[in-house]
Amino acid sequence: MDLSTALSTSIEKFIGWVESFVQHLPEIVIAIILVAIFAFVARYARKLTRNLIGRVTDHGPLKSLAGTAAYLAALGLGVFMALSVLQLDTAVTSLLAGVGILGLALGFAFQDIAENFIAGVLISIRRPFTDGDLIETNGHFGKVEGLDLRAIHLRSLDGPLVRIPNGDVYGNALTNYSQAEHRRVDVDCGVAYDTDLDRAAQVAKEAVAAVDGRDEARDPEVFWTEFGGSSINFVARFWLETTGQADYLAAKSAGIVRIKKAFDEAGIGIPFPIMTLDFSDAGTRTLDEPLRAWSGGGGGSEPGASGGSE
């Protein structure tokens, strides 16, 4: 093929394209107008979606994500309609099939990410906690510092920042101490077996009743819990007006100190574990009995040996 023939073929194809363009110009104009209209609708849909989500939650990432999803959905609808006007139905069908296959593949590949994302959306809607709340979940205890689309940021009371996946939080038990109106303090203790239990309970109640910050509307309680190895054990309970962790620890410390002082003043002993050592061969000798010499002059080399010489 010489140069003139190739040039002639190219010109004919170009003229054909121009004629096709002119022939389909009305459809092209309509498609462009559709895309422009839906681009405007998409921006309005994004703004409207953000406002609607803002009425449910003030979580910034969730509002941004929902707005972007609404924008892309509206714009995508406009593009598909424009392709249909241009009679590119085959291209539309192939594009939709490709989007479906791609979405399915991404769903399997990023299953954990999708799970945490959906859980983050549900947590933002249900709002079992807010920033600054004191919670306990998945074995971690601390204050919430934030929530993104993948994890919850929990600041432990000893300093470290823990990131817990949203899926783990949503699917497991969660305790929110900040949403409680009051908080109970339990102080465990014990008294000797020969103690007057009624008197000990009254002394313990009066002791914890003087703790600062105690809820005056609820009287302290004392419950005997068990016969221990060296004591009869009880728990003294009282309620606080606040739920902060620092107030809780301070009140529990004050309760322990006051019970100890009150028992000392009342002559009530708090026993400690006792071990009895038996040095006899048969296991019957007590420490107040005289022991024969273990070694040296006049004594045998073992407990119970005779003192005579051979």
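A few comments on the model shown:
- Leading residue by the ranking (nearest to Asp168 (Cα to Cα)) among those in segment 122-134 that are modelled with pLDDT of 80 or more and buried (at least 20 other Cβ atoms within 10 Å of the Cβ): Ile123
- Contacts under 8 angstrom Cβ, first residue in segment 18-42 being modelled with pLDDT of 70 or more, partner loosely packed, with under 11 Cβ neighbours inside 10 Å and in a helix (DSSP H, G or I), 6 or more apart: Ile28/Phe21
- Of residues in segment 156-196 being aliphatic (A, V, I, L, M) and under 30 Å from Pro271 (Cβ atoms), the one modelled with the lowest pLDDT: Ala192
- Residue in segment 227-246 that is under 27 Å from Glu136 (Cα atoms), part of a helix (DSSP H, G or I) and at pLDDT below 95 present: yes
- Hits in segment 170-216 (condition: within 32 Å of the chain's Cα centre (by Cα) and of a type in the set (A, V, I, L, M)): Ala173, Leu174, Ala180, Val185, Val187, Val211
The values are calculated or read from the model by the stated rules, or taken from the named source; none is laboratory data. Predicted, not measured: the structure shown is a model, and the values here were computed from it. In this analysis, Cβ positions are derived from the backbone assuming ideal geometry, glycine residues included, and neighbour counts consider all displayed protein chains.
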